[in-house]
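Just below is one structure, and these are the notes that go with it.
The values are calculated or read from the model by the stated rules, or taken from the named source; none is laboratory data. Because the structure is predicted, anything quoted here is derived from the model rather than measured. For neighbour counting, all protein chains shown are included, and Cβ atoms are generated from backbone atoms with ideal geometry for every residue, glycine included.
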Amino acid sequence: MRCLNCISLFFFLLLFQSAYAQRENVISEESKVPEYQLPDILTRFKGGKVKSEKVWVKKQRPEILKLFTNEVYGKVPGNLDLSEVKIWETSDQALDGLAKRRQLSLFFKKDNHNLEVNVLIYLPQTNKKVPVFLAYNFTGNHAVFNDPNIRLTESWVANNPSVGIINNQVTEQSRATASDRWPVDEIIKAGYGLVTVYYGDVDPDKNDFSDGIHPFFYKDNQNKPAYDEWGSISAWAWGLSRVLDYLEKDPQVDSEKVAVLGHSRLGKAALWAGATDTRFAMVISNESGCGGAALSRRRFGETVQIINTSFPHWFCDNFLKYNGNEDILPVDQHMLLALVAPRPLYVASAEGDKWADPRGEFLSAKYASAVYELLGVEGLPVKEMPAINQPVMGTIGYHIRSGKHDLTLYDWQQYLKFADKFFK
Ligand code: GCU
């Protein structure tokens, strides 16, 4: 017994040491960024230049999309439509009469699998169809806004006693605990709707492929996705598309004006949703960092190896090949951003969020601009990184704000301005 304890202590120390060593090597100064060469976005993989919109749309874009699918995020193994929609409640008296609130569940069924995805919608008080922001939240719809009518999620949520999440279940104490990130009043007053969903309804964020949407598609004896099949980011992106399927049928939503938005890991999912589903009319990445908007080859802050080690379930297993070996990646993240072209795209960074590599996020947006220009629209309107709190908005928008890793009112104010530019 004692010996067993010694052995576990030994392995614990070994693990701790390797995690520590990994962090020790994190690049946090620009001068330490290694030399790298990005794949040129307008050079065909078999050689030759992409010179026309037609070649981009018919050849280059599909090839890039396929590489991201097979090597990074993983493919969705099949089709599954919505089985049923249940409307829980509607009210015209939300936000003291300023807004309408709707709560509904989307049900997915296959064989003996069932999944319920809860959707919370706030819409301005009008009978016209309105543009909306569609965004996942981190801990449940009830956390987004101070409104006692919002149903508490019954899904598994990562423990956090400081916001009343105990035994992986939320409590009354969890209400409105993320409301700083969701300026619902401002969104509504600007004439937009907000559609939000707890991301864990689609796939709980843990390294466990027995729950969420993944098992719906397993073949006999399969218990995790194959090496080129979807990780969690791809599953979350899939979920965003299924919510959009519903929104297309909602008479009060202008489904041709849906901006998909996400913060951090959910920004990675929003980008992948925007890349795979061109029905999203606008894509907003808030500090999505590694595996999101930031260039992998810079290895600044979080790297491919670190992310694959800390979050082994986020990407497909093929992505492991690039641990410490970013230069052999056939793509880099500027190419992911280019998959959104010519649709409006906003990339946001924060000064205090070095982990997500703000400069790498900016450069990615800058290099994606070549595709926007090929398609006849302006990409980023600047060549140099703008100063702190100086947003720039072409068809690609960018800002780096002061402060830490977060989704703030300042960020939303820029997204509302950006949306006005294209949706109003
Ligand atoms: C971690 C992770 C990031 C991720 C972030 C988040 O910091 O390393 O890649 O974006 O969590 O989602 O909050």
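Applying the condition of being closer than 24 Å to GLY274 by Cα and more than 10 Å from the ligand (Cβ to nearest atom) to segment 289-302 and asking which residue is surrounded by the most Cβ atoms within 10 Å (Cβ to Cβ) yields ALA293. Residues being closer than 23 Å to LYS75 by Cβ and in contact with a strand residue (DSSP E or B) (Cβ under 6 Å, 6 or more places away or on another chain) are represented in segment 293-303 by at least one member.
Annotation: TYR346 fulfils all but one of (1) crowded, with 24+ Cβ neighbours inside 10 Å; (2) over 17 Å from the mean Cα position of the chain (by Cα); (3) touching a residue at least 60 places away in the same chain (Cβ under 8 Å); the unmet one is (2). From the list LEU65, LEU13, LEU42, the one residue that fits, being in contact with a helix residue (DSSP H, G or I) (Cβ under 6 Å, 6 or more places away or on another chain) and either farther than 25 Å from PHE319 by Cα or at pLDDT 95 or above (or both), is LEU42.
Out of segment 132-154, which residues are of a type in the set (A, V, I, L, M, F, W, C), more than 16 Å from the ligand (Cβ to nearest atom) and buried (at least 21 other Cβ atoms within 10 Å of the Cβ)? Once the filter is applied, which keeps residues that are of a type in the set (A, V, I, L, M, F, W, C), more than 16 Å from the ligand (Cβ to nearest atom) and buried (at least 21 other Cβ atoms within 10 Å of the Cβ), segment 132-154 yields VAL132, PHE133, LEU134, VAL144, PHE145, ILE150.
Exactly one residue out of ALA273, ALA269 is away from the ligand (no atom under 14 Å from the Cβ) and closer than 21 Å to ARG61 by Cα: that is ALA273. For segment 308-320, the criterion of a residue being small (Gly, Ala, Ser) and either under 14 Å from SER296 (Cα atoms) or in contact (Cβ under 8 Å) with a residue 40 or more places away in the chain (or both) is satisfied by no position. Within segment 176-195, the only residue that satisfies the criterion of being among the hydroxyl-bearing types (Ser, Thr, Tyr) and either surrounded by fewer than 19 Cβ atoms within 10 Å (Cβ to Cβ) or in a helix (DSSP H, G or I) (or both) is SER179. VAL347 fulfils the conditions (1) touching a Ser or Thr at 6+ places or on another chain (Cβ under 9 Å); (2) within 21 Å of MET282 (Cβ to Cβ); (3) assigned to a loop (DSSP other than H, G, I, E, B) except for a single criterion, (3). For segment 81-110, the set of residues classified as without any contact (Cβ under 8 Å) to a residue 12 or more places away in the chain and either among the charged types (D, E, K, R) or under 30 Å from PRO215 (Cβ atoms) (or both) consists of ASP96 only.
Among the residues of segment 221-262, the ones that are within 9 Å of the chain's Cα centre (by Cα), within 14 Å of the ligand (Cβ to nearest atom) and either surrounded by fewer than 24 Cβ atoms within 10 Å (Cβ to Cβ) or part of a helix (DSSP H, G or I) (or both) come to 2 in all.
Note on segment 267-279: among residues that are surrounded by 24 or more Cβ atoms within 10 Å (Cβ to Cβ) and in contact (Cβ under 8 Å) with a residue 60 or more places away in the chain, the one that is nearest to PRO358 (Cα to Cα) is LEU271. Collect the residues in segment 305-321 that are more than 15 Å from the ligand (Cβ to nearest atom) and in a helix (DSSP H, G or I), keeping them in residue-number order. ASP317, ASN318, LEU320, LYS321, listed by residue number. Among the residues of segment 152-175, the ones that are closer than 20 Å to ILE87 by Cα and out of contact with any helix residue (DSSP H, G or I) (no Cβ under 7 Å at 6 or more places or on another chain) come to 1 in all.
Sort out which residues of segment 327-343 are within 15 Å of the ligand (Cβ to nearest atom) and either touching a residue at least 60 places away in the same chain (Cβ under 8 Å) or over 29 Å from ALA281 (Cα atoms) (or both), and write them in order of number. Correct list: LEU336 only.
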